[in-house]
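Only one structure is covered here, and it is reproduced in the block below.
Just so you know, all these numbers are worked out from the coordinates, no wet-lab data involved. On a predicted model such as this, the values are computed, not experimentally measured, just so you know. Here Cβ is always computed from backbone atoms with ideal geometry, including for glycine, and neighbour counts include all displayed protein chains.
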Amino acid sequence: MRLDVLTIFPEYLEPLNVSLVGKARARGQLDVQVHDLRAWARDRHHTVDDTPYGGGPGMVMKTEPWGEALDTTLADGYENGAHDPVLVVPTPSGRPFTQECAVALSARPWLIFTPARYEGIDRRVMDEYATRLPVHEVSIGDYVLAGGEAAVLVVTEAVVRLLPGVLGNAESHRDDSFAPGAMADLLEGPVYTKPPEWRGREIPEVLLSGHHGRIARWRRDEALRRTSAHRPDLIERCDPSALDKKDRETLSILGWAPGPDGRFWRRPDAVEE
Ligand code: JDH
């Protein structure tokens, strides 16, 4: 896979040299090219922003540097055998970036990221490139960042770990692969390792019992408890046919009751756990 990143802060992308993504690059599984957008600014101040038409606060990134940068990057990629590029544009007004998006992008041979700053990029740039290649405008969550670079790091890590041979077999995609829509039906419960006692804290006894059935049941209950507390929306959305008798019992203790359609509702008087 080839990745190009066009940014006014190339040093912000240094983490792409480290860990999972850095190792994938070193192994030749990934070709990452980070470009300084200012290299395509024409004036001696390397200006990439200007005031917004219609007035209002902040600045908007100019069309011309992005146009030149994208034309050059596309030409260079094609000359070097890259094909079927996708433009990935982080923006607070994008579609939510999910595991499903990561899986789809991981099947593409060439991703071009355009992380912006200021108030974003003049609309005409993406309107223009959308006539030549798929443009995915994505948001990594409901909070406001100062620019798109952190989102590029997030998307890249989520995508690259899905590439064949990047994750070792031991840590291979367990729960993220079986549920296409959401990441998984439920959040994971707590995990433990050695030593068996730390600062007076012991391991839940069931995990030392060697009783696989009881361990699986305990993990499931802990997953339900954590999901109920942190992501009640996942319980509300849960397909009732995915819940067994003991799941229903546990949910009832956690304050959930089945509605007329079988889906679960939080009883209004339930105490949070
Ligand atoms: C790319 C510039 C900063 C901040 C306007 C939007 C009020 C516009 N999940 C995510 N959050 N933020 C980004 C992101 C932010 C970016 C850029 C991505 C480029 N910025 C910026 C504020 C506004 N603002 C929110 N409204 C509620 C108006 C740009 C992101 C991603 N991915």
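So how strong a dipole does segment 2-160 carry about its Cα centre when Lys and Arg Cβ are +1 and Asp and Glu Cβ are -1, to the nearest 20 debye?
280
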**Asked** If contacts are Cα pairs under 8 angstrom and at least 6 residues apart, what is the relative contact order of segment 2-160 in percent?
**Response** 29
**Complete:** Put in order of increasing Cβ neighbours within 10 Å, starting from the fewest, Thr91, Thr156, Thr72, Thr131 give Thr131, Thr72, Thr91, Thr156
**Message:** 7 Å from Cα along Cα→Cβ at both Trp265 and Asp233: what's the point-to-point distance in nm?
**Reply:** 2.0
**Message:** Multiplying the sequence separation of Ser19 and Val191 by 0.36 nm and subtracting their Cα-Cα distance, what value in nm do you get?
**Reply:** 59.7 nm
**Message:** Multiplying the sequence separation of Ala257 and Arg38 by 0.36 nm and subtracting their Cα-Cα distance, what value in nm do you get?
**Reply:** 73.1 nm
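I need the calculated FRET efficiency for the pair Thr47 and Tyr143, taking r as the beta carbon distance and R₀ as 22 Å, to the nearest 0.05. All intermediate terms of the calculation are to be shown ahead of the outcome.
Working: r = 29 Å, r/R0 = 1.32.
Once rounded, the FRET efficiency stands at 0.15.
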**Request:** List the aspartates and glutamates whose Cα lies under 15 Å from the Cα of Lys245, skipping any in the same chain that are fewer than 8 positions away.
**Result:** Asp221
**Request:** Provide the per-residue ³J(HN,Hα) series for segment 84-100, in order, calculated from phi with Karplus coefficients 6.51, -1.76, 1.60 and θ = phi - 60°, each as a whole number of Hz, with x at glycine and proline positions.
**Result:** 6, x, 10, 8, 10, 10, x, 7, x, 9, x, 6, x, 7, 10, 4, 4
**Candidate lysines - alpha carbon under 29 Å from Lys194, same-chain residues fewer than 8 apart omitted** = Lys23
